[in-house]
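Before any comments, here is the structure.
The values are calculated or read from the model by the stated rules, or taken from the named source; none is laboratory data. The shown structure was predicted, so the numbers you read here are calculated from the model rather than taken from an experiment. For neighbour counting, all protein chains shown are included, and Cβ atoms are generated from backbone atoms with ideal geometry for every residue, glycine included. Each accessible area value is taken on the protein alone, full model and side chains, heavy atoms only, with ligands, DNA and RNA left out. Shrake-Rupley method; radii C 1.70, N 1.55, O 1.52, S 1.80 Å.
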Amino acid sequence: MEEKTSLANEVFSAGYDTAEFSFDFIGMDSETALVCESDLVVKEKITTALTDMNYHITEAVSGRDALKNMRFHTYNLIVIGENFDSADAPSGNEVLIYLQNLAAATRRNTFVALLSDSYRTMDNMMAFNKSVNLIISRKNIDDVKRIIKQSVEDSNAFYNTFSDLLKKMGRI
């Protein structure tokens, strides 16, 4: 019986290639974002908003490309469409599956926003269910900058307290 390997396993088991590094050098206080969206109009609105927020942006063209970019870099923010590079989306979205299975210590350092046709913006229960920080309905894409900015600020305020506690306990 042939074992099915995931796209993530295939990408991460490949050899070391410096061409796969997303950034040569960025400052310590620089924020990075990965945008995984197929709709060019939506992608443009997201990248414009993130540029205005001073993020260094990588645009993934496929699930394989997104996973290669994540191989050597932990992004501060990932915006991913639920149908990104998937024939049977959202259950077949390999990038989302990979993010959902990250270890908590790694995952907590990345804010993940899921673009959805099915769910309401800022639906916290569905965000929890999908293992993301934020749901953004495509209906609200014109407000993406305000939505992401407020949600990231709220998340950072929450995790600052948590991180401080972990530091005091000697865990990080």
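Against the condition over 16 Å from Ala33 (Cβ atoms) and open to solvent by 80 Å² or more (accessible area, probe 1.4 Å), how does Phe162 come out, does it pass? So Phe162 fails the test.
Is it the case, given these coordinates, that Ser131 is closer than 21 Å to Asn101 by Cα and out of contact with any strand residue (DSSP E or B) (no Cβ under 7 Å at 6 or more places or on another chain)? Here the answer is yes, as Ser131 does meet what is asked. Under the condition of being within 15 Å of the chain's Cα centre (by Cα) and either of a type outside the set (Val, Ile, Thr) or farther than 9 Å from Thr121 by Cβ (or both), the residues counted in the range 135-155 number 6. Which fully enclosed helices (runs of 4 or more DSSP H) of the range 104-172 have 1 or more residues being of a type in the set (Ser, Thr, Tyr)? Where helices (runs of 4 or more DSSP H) fall fully within the range 104-172 and carry at least 1 residues being of a type in the set (Ser, Thr, Tyr), they are 104-107, 144-168. For Ser118, the conditions (1) open to solvent by less than 30 Å² (accessible area, probe 1.4 Å); (2) in contact (Cβ under 8 Å) with a residue 24 or more places away in the chain; (3) over 12 Å from the mean Cα position of the chain (by Cα) are fulfilled apart from (1). Pairing residues of the range 68-86 that are on the phi > 0 side of the Ramachandran plot with residues that are open to solvent by less than 20 Å² (accessible area, probe 1.4 Å), at Cβ distances under 7 Å and at least 6 apart in sequence or on separate chains, gives Asp85/Gly63.
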